[in-house]
Each structure stands twice: as C-alpha cells, then as structure tokens.
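Chemist: Just dropping this structure here.
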Amino acid sequence: MSADTASITPFGLARSTVQGKPLSAEELRKTDAFMRASLYLCLGMLYLKQNPLLKEPLKKEDLKTRLLGHWGSDSGQIFTYIHFNRLIKKYGLDGLFISGPGHGAPAVLSQSYLEGVYSEVYPNITEDEEGMRLFFKQFSFPGGIGSHATPETPGSLHEGGELGYSISHAFGTVFDNPDLIAVTMVGDGESETGPLATSWHSTKFLNPITDGAVLPILHLNGYKINNPTVLSRISHEELEALFIGYGWKPYFVEGSDLETMHQAMAATLEQAVLEIKQYQKQARDSGKAFRPRWPMVILRSPKGWTAPRDVSGHHLEGYWRAHQIPLADVATSTEHLALLELWMKSYKPDELFVNGKLIPELKELVPQGNARMSANPVANGGHLRKALRLPDFRKYAFDVVPGVTNAPSMSNMAKWLRDVVAANQTNFRLFGPDETESNKLSAVYEAGKKVWMADYLPEDEDAGNLANAGRVMEILSEHTVEGWLEGYVLSGRHGLLNSYEPFIHIIDSMVNQHCKWIEKCLEVEWRAKVSSLNILLTATVWRQDHNGFTHQDPGFLDVVANKSPEVVRIYLPPDGNTLLSVMDHCLESKNYVNVIVADKQDHLQYLNMEEAVAHCTKGLGIWEWASTFPDEEPDLVMASCGDVPTMESLAAVALLRKYLPDLKIRFVNVVDLFKLISHLDHPHGLTDREFTAIFTDDKPIIFNFHSYPWLVHRLTYKRPGHNNIHVRGYKEKGNIDTPLELAIRNETDRFSLAMDAIDRLPGLKGKGSNTREKLHNEQIVARNMAYENGIDADKYRNWRWEFGEKKEGVLDQVQKGLGIGSGSDAPPAAVVGTSE
C-alpha cells in the first residue's frame with residue numbers, strides 16, 4: 001500500500017489527531033459490548049420478523065419477505081452516539097443527535113430502544129423478547145415505521161431522507177439554546193450537496209454567548225450507492241485545508257480496529273467538548289462575543305463496518321455493496337443465510353440481552369431522563385414552545401379612503417414586525433437571503449440587527465446594521481436560511497423567512513420535505529405541535545418589470561398547493577391592513593406552512609382595519625363599494641386575488657362603469673386561496689352553497705389571479721358553474737417592461753379584463769363592440785407610450801378609484817348570515833384600529 005493510499009484507507013489501527021487512552025479496560029469492554037448490542041439490533045431490523053434473539057437456528061421463515069433499509073452508515077453513527085453518551089454523563093451535557101444520513105435510521109432507533117425511550121413512547125414495544133420481535137418487524141414494514149429518521153423516531157427532528165440540510169438544521173436548533181450541543185453526523189455523500197457545502201459557513205453567525213454549539217462528525221465511509229465519495233478520495237492535506245478554510249478546526253479519527261478506535265474517538269470527542277466549553281466560558285465571562293475555530297471531527301471508518309469483509313469473492317465491508325441490505329439474497333441462498341446467522345451471532349446477543357432486555361451493566365452507560373439524546377425535548381420542540389407576545393396589530397392600521405389612499409403596506413407591517421422582535425428577544429428571528437432591506441423590512445433593525453460574527457470594516461458603521469447579537473439572519477443561500485428556520489421552529493421557537501418571490505423556488509424541495517414532516521407529526525401522538533413555518537414572498541412578479549423575465553415566476557404557490565391540506569395555507573392580502581391581520585394570524589398558528597404573498601412597493605389601500613379583519617376572517621368576500629347595483633343580481637362577477645391584480649380588476653370595473661354604466665357588476669376579492677376549494681377537500685374550503693352565494697353559478701366570472709391561471713382552475717374544477725370561471729394570470733410572458741406593459745403581455749391589465757368581460761356578455765351587442773374597440777385602442781396607446789418613454793403614463797401609475805364612499809348593503813348582510821370563513825384557525829374579528 002502506497003503512502004498516499006495509506007492516508008485515505010479506512011482500515012487498520014486507529015490514526016488520530018488527538019492522542020490518549022481515556023477509557024479504562026472495563027470502560028472499553030462495556031463500550032464495545034454496547035456497540036455490539038446496537039449493531040445486533042440494526043441487523044435485526046433489516047432482516048427479522050421473528051426469532052429475534054436467534055434462540056432457534058435461523059430459517060427463511062424468520063426473514064421479512066421484503067428486505068428494506070440501509071446498513072452502510074449505521075456503525076459509524078452508533079460509534080459516535082455511544083462515545084458522546086459518555087461525555088453527557090461525565091460533564092452533564094445537553095446533547096442532541098442529528099443523523100444527516102438518516103437512511104441509517106437503524107442506528108438511532110437502536111439507541112432509542114437501548115435507552116428505554118422507545119418503550120416509553122411506544123408501550124407495546126417492550127424491553128423483552130416479544131418487544132424486540134415487534135421492534136424488528138415494524139421497521140420498513142407496512143403498518144410500521146419508515147427506513148429513515150422519520151417523525152416516529154424519538155429524538156429526531158431531521159429525517160435525513162433528502163440530503164444536504166443536517167448542518168443548517170443543527171445550527172437552527174442551537175441558536176438561542178446556549179447549553180445545547182448538536183452532534184451532527186454528516187455523510188460523505190451528503191457533503192457533496194450544495195446546501196451542505198454552504199452550511200459550513202454557519203459559524204459566522206453563531207454567538208458563543210447566546211447560542212449553543214454544533215459538533216459536526218464528517219463520516220467518511222468512502223462510498224455512496226455505487227460510487228466513491230469525493231471527500232474520501234482527496235489527500236489529508238487537502239481535506240484539512242478545506243475545513244480550515246471554512247473556519248473549523250478538524251480532528252481526524254481513522255481506522256477499523258475497534259479497540260484503538262474506541263480510545264481515539266473517546267479522546268477526540270472529549271477534546272472537542274472541552275474546547276467548546278472553554279470558548280463559551282471565555283465569551284460569557286468576558287461578555288465579549290468572538291468567533292473561534294469550532295472543533296469538528298472527521299471520522300473515517302469502513303462502510304458497513306463490522307460486516308464480513310468479503311462475500312462470495314466480492315468486497316462487502318468497506319465497499320459500496322454495504323450501502324443498503326448487505327446480504328440481499330439470504331432468502332434464496334442457503335450459504336448466505338448461514339453467513340447472516342454467523343454474522344449476527346458474532347455480536348454475542350446471548351451475552352448482551354436477558355430475555356430481550358439489555359443487561360444492567362450496559363444499561364448503566366445510558367444517561368438518565370431527558371439527558372438521553374433520544375428523549376431530548378428539543379427534538380419535540382412543541383413541548384418547549386412558548387406563545388409569542390404579539391403587539392396589537394390593529395394599532396398599526398392605515399386610515400383608508402378605499403381605492404384612493406396609496407401607502408407602503410410592507411414598510412408599515414415592518415413596524416409591527418419590529419415590535420414583535422422587540423417583545424420576543426430569545427424566541428423569534430427573521431430569516432432571509434440578503435433581502436430584508438430590499439423588501440422594506442428594515443424597521444426591524446431598530447429591535448435587532450443582523451447577526452454577524454465574521455470580521456468588520458469601518459464602513460459597516462454606515463447603516464451596515466451588523467451586530468454579534470442580533471435577531472435577523474441573512475446569508476445569500478436560501479437553503480441555509482430555510483434550514484436554520486426549520487431547525488429553529490422544530491426546536492420550539494418562532495420565525496419568519498422573507499424572500500423575493502421568483503427565487504423561493506430554490507427551496508421548493510426543502511419546503512416539500514418540511515410539509516411531509518409536519519403532516520406525519522400529526523399522526524404521531526406524542527409529537528407536540530410546533531410553530532408554523534412562515535414564508536413571506538415579496539418583490540412579486542407584477543413588480544419585477546424592471547428586472548426582466550428571469551425574475552418573474554409566481555409558481556411557488558403551485559408547489560405549496562400540491563401539499564396536504566392539513567398543513568399548508570396560502571394568503572394573498574390585497575392591502576396593508578389585511579397584510580397586518582394575516583401576519584398576526586400566521587405567527588400565532590401551529591403546524592402549518594403559511595405562505596403570504598404581498599408586494600413591497602406602495603399600493604392602493606381598500607379596507608379599514610375592522611373591514612380588513614372581517615375580510616381575512618371570511619377569507620374572501622364581496623366588496624360592495626366596488627360593485628354596481630349591489631342589491632340586484634349581477635350580470636358579471638369581477639374577482640381578484642393578489643394586490644396588483646386587485647388594482648387592475650378595480651380599474652377594469654371603473655372602465656366598464658364609465659362606458660357601460662348600466663352593467664351590473666359584483667366585485668369579489670379572495671385573500672385565503674384555499675377558500676376556492678370544496679370544503680370536502682380542504683378545511684378552509686367553502687361549501688357549494690357558500691361559493692354560489694358569492695360567485696353565482698350562471699354568470700361569467702373574470703378572475704384576475706396573482707399566479708399562473710391554471711391553479712385557480714384546479715382549485716375550482718368541481719364548483720357549480722366552473723365553466724363560467726375565466727382566469728387571467730401570469731402566462732410566462734415577460735421582459736424588461738413597465739408594470740402596465742407586463743400586465744398587458746399576460747392579459748391581466750385593466751383593458752384586457754374589461755374586454756374579456758364584454759366578450760362574455762353577448763347581450764351587449766353593438767354597444768359592447770364599440771366599447772371594446774375603445775378599450776383596445778387605449779391599450780395600444782398605453783403600450784406605445786411605455787415603449788417611447790420607458791414609463792407608464794401618469795394616469796396609469798397614479799390611478800385612483802373615483803366612485804365615492806362605500807356602504808353596507810344587502811349582500812354584506814347575506815355573507816354575514818352565511819357565516820363564511822368561520823374556520824377554527826381563522827383570525828378573530830376585531831374593532832377598527834388607529835393609525836400609528
């Protein structure tokens with residue numbers, strides 16, 4: 001073996017940065033025995049449905065019909081977990097284990113079973129032979145549990161199915177958790193993902209005074225499913241330089257000889273913990289935060305460690321074949337069935353278990369109570385969650401003349417958000433990818449600056465808004481801030497992510513995974529509800545005219561709408577007062593992914609605060625002040641959803657009133673998108689009776705929608721009169737435009753809407769044709785002016801509603817009588833607020 005090869009092999013006696021033998025002979029014997037017990041349980045989960053202690057010779061009938069699961073990373077995870085348990089007991093640590101390669105769930109499940117936690121949360125899985133049988137059978141089995149560190153797994157808040165998020169989740173858990181150490185296994189396959197690569201920079205945002213610590217264990221077992229891993233095949237020098245460059249202090253532990261590896265890992269983890277504690281003490285005693293080179297461990301051990309090295313002339317241990325089921329043909333190969341039995345018995349289960357229960361001398365290695373990592377309440381954060389202290393949003397209300405008042409909805413909401421931050425300095429953070437200032441939320445800096453633990457320059461004093469201790473978390477990585485937020489929320493706190501709408505797609509898959517996690521949590525009795533994951537989308541499609549086509553994409557709503565109705569909500573408040581009401585509601589809610597879409601620019605205002613709260617409570621409603629002949633049956637329903645589409649729809653109504661004053665128009669606005677779905681398919685959905693009372697079932701409906709029009713058709717396809725719904729929305733037409741020209745491209749502008757309405761009303765005949773021609777001509781003039789001047793004409797940029805005061809009429813009373821929007825998680829009705 002060459003010198004280069006020797007430095008990257010996972011085999012041999014331990015090679016480690018930290019020297020020493022902290023374990024006594026007795027401690028070493030017990031540690032090795034505990035690891036054997038865990039490994040035995042892992043194989044039992046992969047293979048057995050009966051005969052759990054192999055008291056009878058192993059037969060095909062003892063095996064599961066389908067063998068599912070992963071073996072390759074289990075041994076390294078168990079090895080790390082056991083050694084950190086020793087330090088929990090020795091130093092009274094608060095430890096959490098995060099399994100990056102969560103497909104190695106048998107590793108963490110075996111620990112929970114041996115710690116006794118599994119039997120506490122699942123009393124039918126007892127610590128005896130029958131309990132062990134059930135424990136084995138249920139793994140990756142219909143009606144049982146999944147093959148990853150799913151919500152059913154005690155101590156888990158990170159499933160590890162989709163790779164890349166273990167480090168960002170870990171940092172989310174330790175922010176504002178000063179005593180917590182999150183031991184985080186990072187698989188070398190996971191280390192190749194973009195999100196994971198960026199998340200190593202999280203130390204630049206970790207304050208040793210107010211936060212805990214993350215102790216990463218980069219597990220180089222050498223292989224993915226069928227390929228070597230990148231970091232396992234580069235030199236020691238290059239690997240060390242990589243992590244020093246990231247700002248970490250790497251310690252190596254490498255080899256396969258268990259006796260020497262146990263001593264090396266014990267010494268290394270203890271060194272890392274002592275350094276963490278030293279840094280924290282220095283910062284906390286002095287009151288001066290600083291960024292140390294936090295320790296990390298690079299563990300190189302064979303993939304499938306302790307498996308047979310060779311099987312039938314092919315490598316198993318230390319090779320890609322150990323990734324999933326290591327002996328896949330045991331049901332058809334007598335030779336391999338016998339080998340499996342020999343392998344399992346090599347762990348000496350008869351010495352480790354008495355009637356299926358771990359022997360007392362090994363049970364003594366386990367920490368007590370909530371010090372057991374699988375019992376840590378941080379991983380079931382709903383139990384730690386404290387409700388936010390929310391200022392009364394009504395006090396931030398705009399005084400409104402409907403359709404006339406123009407005001408900064410987002411900047412105004414930011415004042416309320418500032419006071420949310422001020423009142424919740426240890427359990428609320430605002431997250432975003434370098435956009436808080438751009439998104440008009442900078443008022444929050446008055447209550448909490450941006451966390452920054454890297455170096456400073458003098459010019460940062462000029463509105464840099466940086467601080468070691470802050471409440472705003474920004475890094476230009478949507479993956480990282482989303483991971484931080486998820487970890488923060490899942491561990492019992494609250495937060496809000498703000499992002500440009502077009503680039504939220506970067507985290508489509510992360511949000512998808514979080515939705516699946518919280519949905520599954522609803523099925524797990526012992527899981528307490530956590531705060532909702534709140535996503536505020538701004539810099540929206542209709543005001544990305546200046547940035548062009550690449551910045552125009554409202555399709556995140558389609559992604560979210562595909563998720564379970566039990567866990568997703570979408571709100572499109574049309575103005576500032578409705579935005580305040582929606583935000584208050586979302587920050588109070590639990591176990592949802594709330595998506596709020598609101599543009600950051602100044603916009604027309606429509607509802608006073610009392611009306612805004614009522615409108616948000618209902619989720620949608622008729623705006624009588626914007627309708628014509630409100631007490632009569634309409635000829636046409638003009639509907640809108642979203643702030644800019646609402647303005648264009650109102651402008652279309654104004655044009656129709658100007659040219660066709662006898663036309664009976666009903667104006668409907670939707671703020672809660674899922675009101676459109678049937679109540680049979682979503683808890684917020686209207687009944688058909690309620691839907692028809694608002695939209696009618698026999699009149700044309702011109703629906704101007706913020707996002708892609710097909711989504712509204714999907715949501716309403718079962719509704720009475722669905723064929724009458726004509727949706728206008730973004731149709732993937734864009735360039736460097738003016739706001740009105742962008743709307744014209746996509747037929748969401750006032751002229752297109754009014755013409756569409758005329759086209760649906762054949763009874764207008766010649767009068768409609770003449771009006772349509774006038775509207776088309778005006779649209780052409782408006783577009784040509786934009787091309788010539790680079791800006792929309794003043795009468796479009798500063799358009800206002802010109803039809804006087806609103807008043808309550810019969811239709812308002814009808815809506816109230818129907819009780820529309822009385823869902824259990826709707827915000828309460830309220831009295832009108834006062835302007836700040």
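Chemist: Checking residue 426 against (1) in contact with a helix residue (DSSP H, G or I) (Cβ under 8 Å, 6 or more places away or on another chain); (2) under 30 Å from residue 117 (Cα atoms); (3) open to solvent by 50 Å² or more (accessible area, probe 1.4 Å); (4) outside any helix (DSSP H, G or I), which test does it fail?
Modeler: (1)
Chemist: I would also like to ask the following. Considering only the range 717-728, how many residues are out of contact with any Phe, Trp or Tyr (no Cβ under 8 Å at 6 or more places or on another chain) and either touching a residue at least 40 places away in the same chain (Cβ under 8 Å) or of a type in the set (D, E, K, R) (or both)?
Modeler: 1
Condition check ((1) small (Gly, Ala, Ser); (2) closer than 20 Å to residue 323 by Cβ) across all residues:
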residue: 13; (1), (2): no, no
residue: 25; (1), (2): yes, no
residue: 39; (1), (2): no, yes
residue: 47; (1), (2): no, yes
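Chemist: Could you say which residue among 738, 771 is in contact with a Gly (Cβ under 8 Å, 6 or more places away or on another chain), hydroxyl-bearing (Ser, Thr, Tyr) and surrounded by 12 or more Cβ atoms within 10 Å (Cβ to Cβ)?
Modeler: 738
Chemist: From the list 501, 482, pick out the single residue that is acidic (Asp, Glu) and out of contact with any Leu (no Cβ under 6 Å at 6 or more places or on another chain). Talk me through it step by step, then tell me what you get.
Modeler: Values: 501 fails: out of contact with any Leu (no Cβ under 6 Å at 6 or more places or on another chain).
Only one candidate qualifies: 482.
Chemist: Here's something else I'd like to know. Say whether the condition of being within 16 Å of residue 181 (Cα to Cα), under 36 Å from the mean Cα position of the chain (by Cα) and not in a loop (DSSP other than H, G, I, E, B) is met by at least one residue in the range 309-324.
Modeler: Within the range 309-324 (the criterion being within 16 Å of residue 181 (Cα to Cα), under 36 Å from the mean Cα position of the chain (by Cα) and not in a loop (DSSP other than H, G, I, E, B)), the answer is no, since none of the residues qualifies.
Chemist: Considering the range 74-103 alone, what residues qualify as being open to solvent by less than 10 Å² (accessible area, probe 1.4 Å), more than 19 Å from residue 211 (Cβ to Cβ) and either small (Gly, Ala, Ser) or out of contact with any helix residue (DSSP H, G or I) (no Cβ under 8 Å at 6 or more places or on another chain) (or both)?
Modeler: The answer is 75, 76, 99, 100, 102.
Chemist: In addition: Whether any residue in the range 34-43 is surrounded by 19 or more Cβ atoms within 10 Å (Cβ to Cβ), assigned to a loop (DSSP other than H, G, I, E, B) and under 36 Å from the mean Cα position of the chain (by Cα) is what I want to check.
Modeler: no
Chemist: Tell me, yes or no, whether the range 330-353 has at least one residue that is under 24 Å from residue 272 (Cβ atoms), in a loop (DSSP other than H, G, I, E, B) and modelled with pLDDT of 95 or more.
Modeler: Just the residues of the range 330-353 that are under 24 Å from residue 272 (Cβ atoms), to begin with: none.
No: zero hits.
Chemist: Kindly indicate whether residue 214 is within 18 Å of residue 479 (Cβ to Cβ), in contact (Cβ under 8 Å) with a residue 60 or more places away in the chain and in the same structural domain as residue 93 (by the TED database). Give the derivation first.
Modeler: Details: within 18 Å of residue 479 (Cβ to Cβ): yes; in contact (Cβ under 8 Å) with a residue 60 or more places away in the chain: yes; in the same structural domain as residue 93 (by the TED database): yes.
Yes: the conditions hold for residue 214.
So that you can scan it fast, the table gives a plain yes or no per residue for (1) more than 18 Å from the chain's Cα centre (by Cα); (2) under 16 Å from residue 44 (Cβ atoms); (3) at pLDDT 95 or above; (4) part of a loop (DSSP other than H, G, I, E, B):
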{"site": "110", "(1), (2), (3), (4)": "yes, yes, yes, no"}
{"site": "118", "(1), (2), (3), (4)": "yes, yes, yes, no"}
{"site": "124", "(1), (2), (3), (4)": "yes, no, yes, yes"}
{"site": "142", "(1), (2), (3), (4)": "yes, no, no, yes"}
{"site": "158", "(1), (2), (3), (4)": "no, no, yes, yes"}
{"site": "171", "(1), (2), (3), (4)": "no, no, yes, no"}
{"site": "177", "(1), (2), (3), (4)": "yes, no, yes, yes"}
{"site": "183", "(1), (2), (3), (4)": "yes, no, yes, no"}
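Chemist: Looking only at the range 217-233, filter to residues that are in contact (Cβ under 8 Å) with a residue 60 or more places away in the chain and among the aliphatic types (A, V, I, L, M); which one of those is farthest from residue 303 (Cα to Cα)?
Modeler: Across the range 217-233, the extreme among qualifying residues is 217.
Chemist: Six or more apart or on different chains, Cβ under 8 Å: which pairs go from a residue in the range 430-442 that's of a type in the set (Lys, Arg) to one that's modelled with pLDDT under 95 and outside any loop (DSSP other than H, G, I, E, B)? Could you list them?
Modeler: Every condition considered, the pairs that remain are 440/538.
Chemist: For the list (1) within 30 Å of residue 40 (Cα to Cα); (2) open to solvent by less than 40 Å² (accessible area, probe 1.4 Å), I need the number of the one condition that residue 203 fails.
Modeler: (1)
Chemist: Checking residue 236 against (1) crowded, with 16+ Cβ neighbours inside 10 Å; (2) modelled with pLDDT under 95; (3) under 30 Å from residue 345 (Cα atoms), which single condition isn't satisfied?
Modeler: Exception for residue 236: condition (3).
Let's see how each residue does on (1) more than 30 Å from the chain's Cα centre (by Cα); (2) surrounded by fewer than 21 Cβ atoms within 10 Å (Cβ to Cβ):
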{"site": "211", "(1), (2)": "no, no"}
{"site": "216", "(1), (2)": "no, no"}
{"site": "220", "(1), (2)": "no, no"}
{"site": "241", "(1), (2)": "yes, yes"}
{"site": "255", "(1), (2)": "yes, no"}
{"site": "262", "(1), (2)": "yes, no"}
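Chemist: On to the next question. For the range 515-569, what are the residues that are more than 20 Å from the chain's Cα centre (by Cα) and under 30 Å from residue 143 (Cβ atoms)?
Modeler: 525, 526
Chemist: Now, a different point. Return only the number of the condition from (1) outside any helix (DSSP H, G or I); (2) of a type in the set (Gly, Ala, Ser); (3) crowded, with 21+ Cβ neighbours inside 10 Å that residue 272 does not satisfy.
Modeler: (1)
Chemist: Considering the range 511-526 alone, what residues qualify as being open to solvent by 30 Å² or more (accessible area, probe 1.4 Å) and not polar (S, T, N, Q)? Spell out the reasoning first.
Modeler: Pass one, the range 511-526, residues open to solvent by 30 Å² or more (accessible area, probe 1.4 Å): 512-513, 516, 519-520, 522-523, 525-526.
Of everything in the range 511-526, those that are open to solvent by 30 Å² or more (accessible area, probe 1.4 Å) and not polar (S, T, N, Q) turn out to be 516, 519, 520, 522, 523, 525, 526.
Chemist: Out of the residues in the range 44-63 meeting the condition of being in contact with a Ser or Thr (Cβ under 9 Å, 6 or more places away or on another chain) and open to solvent by 10 Å² or more (accessible area, probe 1.4 Å), tell me which one is farthest from residue 108 (Cα to Cα).
Modeler: So the residue we want is 60.
Chemist: Please go through the range 588-618 and give me each residue that is outside any loop (DSSP other than H, G, I, E, B), of a type in the set (Asp, Glu) and under 25 Å from residue 648 (Cβ atoms), ordered by number.
Modeler: 611
Chemist: Kindly list the number of the only condition in (1) surrounded by fewer than 19 Cβ atoms within 10 Å (Cβ to Cβ); (2) not in a helix (DSSP H, G or I) that fails for residue 499.
Modeler: Among (1) surrounded by fewer than 19 Cβ atoms within 10 Å (Cβ to Cβ); (2) not in a helix (DSSP H, G or I), the lone unmet condition for residue 499 is (1).
The values are calculated or read from the model by the stated rules, or taken from the named source; none is laboratory data. Here the structure is a predicted model, which means the values were calculated and not measured. A quick note on method: Cβ atoms are made from the backbone with ideal geometry, for glycine too, and the neighbour counts reach across all protein chains shown. Ligands, DNA and RNA are stripped out before the accessible areas are found, and what is left, the full protein with its side chains, is counted by its heavy atoms. Shrake-Rupley method; radii C 1.70, N 1.55, O 1.52, S 1.80 Å.
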